[in-house]
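A.B. asks: Once you've had a glance at the structure underneath, I'll fire off some questions.
The values are calculated or read from the model by the stated rules, or taken from the named source; none is laboratory data. Because the structure is predicted, anything quoted here is derived from the model rather than measured. Methodologically, a virtual Cβ is constructed for each residue, glycine included, from the backbone with ideal geometry; neighbour enumeration extends over all protein chains shown. Calculation scope for accessible area: heavy atoms of the full protein, side chains included, ligands and nucleic acids excluded. Shrake-Rupley method; radii C 1.70, N 1.55, O 1.52, S 1.80 Å.
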Amino acid sequence: MAYGDNVDPKNRVVAIVLVGLLTAVLGYGLVNGLNISIVKKIAEKLDVVDVEEPPPPEEPPPPPPPDNKLPPPPPVVTPPSPIPPPSTANQIQSVPTPPPAPPPQVYTPPAPPAPPPTPDMSKGASPKGSPGRWVTNDDYPPSAQRQEREGTTGFRLTIGTDGRPTGCSVTSSSGHSDLDDAACKLLMRRAKFAPAVDRNGNPTTGSWSSRFTWKIDR
């Protein structure tokens, strides 16, 4: 505890009053020209109590580091190497090219079996009845019979889908036009056929060729 704290408050008041009186006397002496020695004697008789100031408080010690851990050591600085690193600016590193991937396998389904070939049903026109009865010597033209003209007429008939002749042409003449004309007229009127059929069996046009010999019975 400081010394000032042990002084009695009454003595402190007395000291203050004495100081005030001393000040007043000094002022009065200065005003009235009193001798300074008188003032000194009066001041020595005053019972002045010196008040000592308390010493400053001691500073507390610094707190210890947390968890009693020491600060980390300073980083180690490595001096630069005097040898420069090798330059890689112009170096080209070859990368091996991977082999090409094989093409994907495409499954091709087998082709369906070919249908069996359609049977060929085609056939030509065929005569119905007896072709030898279509033209006979009984059909001899009268003028040709009187003149005893004879010969063989070759012909070709065009057959329609209904089996009837649609045309007659002379392929070889008998040498007499009236005999050739008579043969074609009789064939167009009397001939009948089973019509020709195509590959699928459908009726189609056709033709039929033959020959007839004109001969007078003697």
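A.B. asks: Could you tally the net charge around Ala144, taking each other residue with its Cβ under 12 Å from the Cβ of Ala144, Lys/Arg +1 and Asp/Glu -1?
C.D. replies: The answer is -3.
A.B. asks: If you don't mind, another one. In whole percent, how big is the carbon plus sulfur part of the accessible area of the range 124-212, probe 1.4 Å, protein atoms only?
C.D. replies: 44 percent
A.B. asks: Where does the charge balance sit around Val135 when Lys and Arg score +1, Asp and Glu -1, over other residues with C-beta under 13 Å from its C-beta?
C.D. replies: My count for the surroundings of Val135 gives +2.
A.B. asks: Considering only the other residues whose Cβ falls under 11 Å of the Cβ of Met121, what net charge follows from Lys and Arg at +1 and Asp and Glu at -1?
C.D. replies: Summing Lys and Arg as +1 and Asp and Glu as -1 gives 0.
A.B. asks: Gain in length, Ala114 to Glu148, computed as 0.36 nm per residue apart minus the alpha-carbon separation, to one decimal in nm?
C.D. replies: Stretched out fully, the Ala114 to Glu148 stretch lengthens by 5.7 nm.
A.B. asks: Explain nothing, just compute: Karplus ³J(HN,Hα) = 6.51 cos²θ - 1.76 cosθ + 1.60, θ = phi - 60°, for every residue of the range 142-159 in order, whole Hz, x for Gly and Pro.
C.D. replies: x, 5, 5, 5, 5, 8, 6, 8, 10, x, 10, 9, x, 9, 9, 9, 9, 10
A.B. asks: Separate question: Just the Kirkwood number for the range 115-182, please: inverse of mean 1/r across all distinct Cα pairs, in Å, one decimal.
C.D. replies: After inverting the mean inverse Cα-Cα distance, the result is 14.8 Å.
A.B. asks: Around Ser207, which amide H atoms from residues at least 5 apart in sequence, or from another chain, sit under 5 Å from its own amide H, with H modelled in the peptide plane?
C.D. replies: For Ser207, the qualifying residues are Ala125, Ile159.
A.B. asks: Quick check for you: with a 1.4 Å probe and neighbouring chains kept, what is the accessible area per residue of the range 124-212, in Å²?
C.D. replies: 55 Å²
A.B. asks: Tell me, what is the FRET efficiency for Glu59 and Ile16 to the nearest 0.05, using R0 = 45 angstrom and their Cβ-Cβ distance as r?
C.D. replies: For Glu59 and Ile16, the calculated efficiency is 0.85.
A.B. asks: So if R0 is 45 Å, what FRET efficiency would Asp198 and Thr97 give, r being the distance between their Cβ atoms, rounded to the nearest 0.05?
C.D. replies: 0.10
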